[in-house]
């Protein structure tokens, strides 16, 4: 009797028909397949611009499993020689400013002129449930269908600065996969959202006209780091307000000292919904890249960013090792109890714990 495809597949996997009917055996098969991760094969497929391989590698990077982290580090090391060839653009702004709409319109413009783009969209995580919606793909319906675009939503988790913990490594993987432009959409949490500035070449701040925050241009904070301020939703009845806001922001930006890049931050208006002013923003970015490449700032900034992430990674690892040590876990419980009983202070408790290591 000829073997069916199903039977042949089972024999290939080394599993009998009777085992397949057993729930535990099915689970064993799934676990066996999951373990078959070959870093060399993933890297080879990433370099061939295989999106499935790229997605799987990013999942390994984001995993908290020690085994997955070792595999991810191996993959990143192999991809690194093929990275650093893209333009990294950070896009931030308060919730409701239209970041997703802007990114979709801007992304479609870039793919239309032959660019391959990767969008790393960071979704805020709930401080209560620890969950994230990860709905950026649903907000970018047209861009997600574009074969020259890759959208990867990630949860911010407990990371400060509006970016996911492994965004820096994900950028390297996307560059190895041949993407020309990397767009990083942050959670939009306000002026504390600055970590993204330490991993991008160009920092774009989206603003709204008539939202009551025009005068924040004269305050130090996230605005002074912006390479360009874009006033979105400059259409219809809001057009005159957008033009006025542009004038106000231009005046405010001239109060800041000259940047080491010798770049004077620009202010532009656009309507992502109407696809107006998008081309001008891309021209501004290209002008910035040209100027900073010629004066050497572009390379210097990337080197400084690598130093920053070296220190940041060491600090994160030391923190993780400290709190995961069994001795510290037990001592921490005791010190917290002493604090609650007013038998010690938080500062004395911290000093005691640190002296244990």
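If you take the residues of the stretch 260-281 that are in contact with a strand residue (DSSP E or B) (Cβ under 8 Å, 6 or more places away or on another chain) and over 16 Å from residue 203 (Cβ atoms), which of them is surrounded by the fewest Cβ atoms within 10 Å (Cβ to Cβ)?
By that ranking, first place goes to 280.
Taking the stretch 216-248, which residues are in a helix (DSSP H, G or I), under 16 Å from residue 203 (Cα atoms) and either in contact with a helix residue (DSSP H, G or I) (Cβ under 7 Å, 6 or more places away or on another chain) or modelled with pLDDT of 90 or more (or both)? Correct list: 217, 223, 225.
Of all residues in the stretch 153-183, those satisfying the criterion of being touching a strand residue (DSSP E or B) at 6+ places or on another chain (Cβ under 8 Å) and modelled with pLDDT under 90 are 153, 154, 155, 156, 162, 163, 164, 166, 167.
For the stretch 341-357, a tally of residues being surrounded by 10 or more Cβ atoms within 10 Å (Cβ to Cβ) and more than 20 Å from residue 324 (Cα to Cα) returns 4. Against the numbered list (1) over 17 Å from the mean Cα position of the chain (by Cα); (2) surrounded by fewer than 17 Cβ atoms within 10 Å (Cβ to Cβ); (3) in a helix (DSSP H, G or I), residue 85 comes up short only at (3).
When residues of the stretch 229-258 are filtered for being touching a residue at least 40 places away in the same chain (Cβ under 8 Å) and surrounded by fewer than 21 Cβ atoms within 10 Å (Cβ to Cβ), how many remain? Of the residues in that region, 1 qualify.
The values are calculated or read from the model by the stated rules, or taken from the named source; none is laboratory data. All values derive from a computational prediction rather than experimental measurement. Neighbour counts are summed over all protein chains in view; Cβ atoms, including those assigned to glycine, are modelled from backbone coordinates with ideal geometry.
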